[in-house]
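Chemist: Below are the structure tokens for one structure; questions will follow.
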Amino acid sequence: MPIITSNPANAVFSTKIICGECGYFYGRKTLHSTSEKHRKVVWYCNRRYDGEEKCSTPSISEPDIEKYYLIALERLLSDKESHIADCNAKLNNESALAQLKEDRFQAEITLETLMTDIQALVQENARKSQDQQKYREKFNKLVERIDKQKTLIADLKAEELKMVGMREKLNRFIEALARCEGVMEFTEQDWGDLVKCVVVKPDTLTFEFKDNSKIEVAIQP
Ligand SMILES: [Zn+2]
């Protein structure tokens, strides 16, 4: 029986390999043998040695992950042009990004106006005596609108960042496809730019790529 130790090293497969049964990430373990020569690094479901119900998904060695990745990559490259065309179609949303920026710009102008209004209200109240209940009502309404406006701006910014991130991801994906053409080897950079995750089932590995395409590879006996 091998001794199992967790290996905390931040490897390139971390948070990329998912158990198809429980949905947890696979973790990296070093299986020690009596001789250092037979030391083996494997990945398996983090819940495998956890609790009552154990997953039946298999452990995979690092050379096997690379081997199956190259099989999936070869299939991905055989249909390279259509993957690139799909990415380019998604990248053709420059106008949507410009619209988001414009919406945020307008929302920021509205916020500035509201800030000016509330300052004027406070100054006016300091200058002359007036019904304080009415003043409070006006003040609270403005505060409420300012809060809403700030939330709107934060949401628009988040959406903008998401879209920019998606565009960068797709551009890197296209570049990696071009790099891999005719060079069938495992590199950490290509793996990182191409692979979103790998879902492991008892007999298959499904590679989900960054363009959302999926390729299923059978585990060889
Ligand atoms: Zn599991």
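Chemist: Among the residues that make up region 154-175, is at least one of them closer than 30 Å to Thr116 by Cα and touching a Lys or Arg at 6+ places or on another chain (Cβ under 6 Å)?
Modeler: Yes.
Chemist: Then there is this: Return a yes/no flag: does region 31-43 have any residue that is under 29 Å from the mean Cα position of the chain (by Cα), aliphatic (A, V, I, L, M) and either more than 16 Å from the ligand (Cβ to nearest atom) or surrounded by 14 or more Cβ atoms within 10 Å (Cβ to Cβ) (or both).
Modeler: yes
Chemist: Ok, one more. Suppose the filter is on the phi < 0 side of the Ramachandran plot and either touching a strand residue (DSSP E or B) at 6+ places or on another chain (Cβ under 8 Å) or surrounded by 15 or more Cβ atoms within 10 Å (Cβ to Cβ) (or both); does Arg179 pass it?
Modeler: no
Chemist: Tell me whether region 189-206 contains one or more residues that are in contact (Cβ under 8 Å) with a residue 40 or more places away in the chain and small (Gly, Ala, Ser).
Modeler: There is at least one residue in region 189-206 that is in contact (Cβ under 8 Å) with a residue 40 or more places away in the chain and small (Gly, Ala, Ser).
Computed from the coordinates by the stated procedures, all read-outs in this text should not be read as laboratory data. This is a predicted model, so every value here is computed, not measured. In this analysis, Cβ positions are derived from the backbone assuming ideal geometry, glycine residues included, and neighbour counts consider all displayed protein chains.
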